[in-house]
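Q: Structure incoming, see below.
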Amino acid sequence: MSNQQMEKKCPPSLFLEGFAVESLDETLTASIARHLEHCSECQQKLVQISREKEAFLSLNPATRIAAVIPEKDKMHFLKFASLRVAPVCILILIAFVLLLPQDQSDNYFGIKGSFSMNLYVTRNNDTFIGKSGFYFPGDQIQFSVLADSPVFLYIVNIDDHDKITFYFPTTDVEQEPLLIRQKEFLPLSITLDQYIGNERIFVFVSQTPFTFQFIRDKILSKTQGVPIEAIDHIAGLGQYQESFLIQKKALAR
């Protein structure tokens, strides 16, 4: 069928399908376009073909209807298909990465290295992982730590009367960076005293050392006049921080 005949007579459905996916040569495409200008029947067929194609692709985003295209035009069609499939593949890859399980115990900081820590509480000979909540005088607290690159670690307690106690290290003289490649307990065990009220334990991790006075000034500038239960972060004290609110209650008699 010549192009002139095509403009007068309705083209085969195969050509309309090729027209819908832009796989025909320029001359044939122009001829069918001129025919469609005055043929309502072919216009309706083209609309139906387009609807079927979109419905099919919505259910099969990685599949293309190559079988309806003449063999000589398949390379053109593959180029068209790759442009449509690429965004779908990218979205699938992003979703896959986001859904990968993450180890919530390790907290990344700085350019390299990771730090993770757990607080353990021993009460009446039972040991469990601690978190913010209610504690009692006599509870014993320990910290297990992993630091796979050298860091300076500070564990500091402040009560609701702004009394500050340094748990670790016990002095800021001749500080040495901490490097623990396998998780282990720090060499300290804290027994909570008889004070009843709220306290907060801060954990600061830095790649550079601080003096105790610098840490004390930073904490007090943030906490004075503010309930400690409302503060869980102190700016300027390291690349990673953690804090635990200790709501200490009297033992039931």
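Coordinate-derived values only; no laboratory data. The model shown is predicted, which means the values in this text are computed figures rather than measured ones. Cβ placement follows ideal geometry from the backbone for every residue including glycine, while neighbour counts extend to all protein chains displayed.
Q: Identify, please: which residue in region 148-159 is within 28 Å of the chain's Cα centre (by Cα) and buried (at least 18 other Cβ atoms within 10 Å of the Cβ) and is, among those, farthest from Phe202 (Cα to Cα)?
A: Within region 148-159, the match that is farthest from Phe202 (Cα to Cα) is Val151.
Q: Pick out the one residue from Asp217, Asp232, Asp148 that is of a type in the set (D, E, K, R), outside any strand (DSSP E or B) and touching a residue at least 24 places away in the same chain (Cβ under 8 Å).
A: On the way: Asp217 fails: touching a residue at least 24 places away in the same chain (Cβ under 8 Å); Asp148 fails: outside any strand (DSSP E or B).
Being of a type in the set (D, E, K, R), outside any strand (DSSP E or B) and touching a residue at least 24 places away in the same chain (Cβ under 8 Å) holds for just one of Asp217, Asp232, Asp148, which is Asp232.
Conditions (1) farther than 14 Å from Gly238 by Cβ; (2) in contact with a helix residue (DSSP H, G or I) (Cβ under 6 Å, 6 or more places away or on another chain); (3) surrounded by fewer than 13 Cβ atoms within 10 Å (Cβ to Cβ), marked per residue:
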| position | (1), (2), (3) |
| --- | --- |
| Met117 | no, no, no |
| Phe128 | yes, no, yes |
| Phe134 | yes, no, yes |
| Leu146 | yes, no, no |
| His161 | yes, no, yes |
| Tyr195 | yes, no, no |
| Val203 | no, no, no |
| Phe210 | no, no, no |
| Asp217 | yes, no, yes |
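Q: Scan Arg200, Arg216, Arg181 and give me the residue that is of a type in the set (D, E, K, R) and within 30 Å of Asn125 (Cβ to Cβ).
A: Arg200
Q: Give Pro169, Pro227 a once-over and let me know the one that is surrounded by fewer than 13 Cβ atoms within 10 Å (Cβ to Cβ) and out of contact with any Ser or Thr (no Cβ under 8 Å at 6 or more places or on another chain). Walk me through it before giving the result.
A: Details: Pro169 fails: surrounded by fewer than 13 Cβ atoms within 10 Å (Cβ to Cβ).
After ruling out the rest, the residue left standing is Pro227.
Q: What are the residues in region 124-183 that are small (Gly, Ala, Ser) and under 23 Å from Ala230 (Cα atoms), if any?
A: Residues satisfying the conditions are Gly130, Ser132, Gly133.
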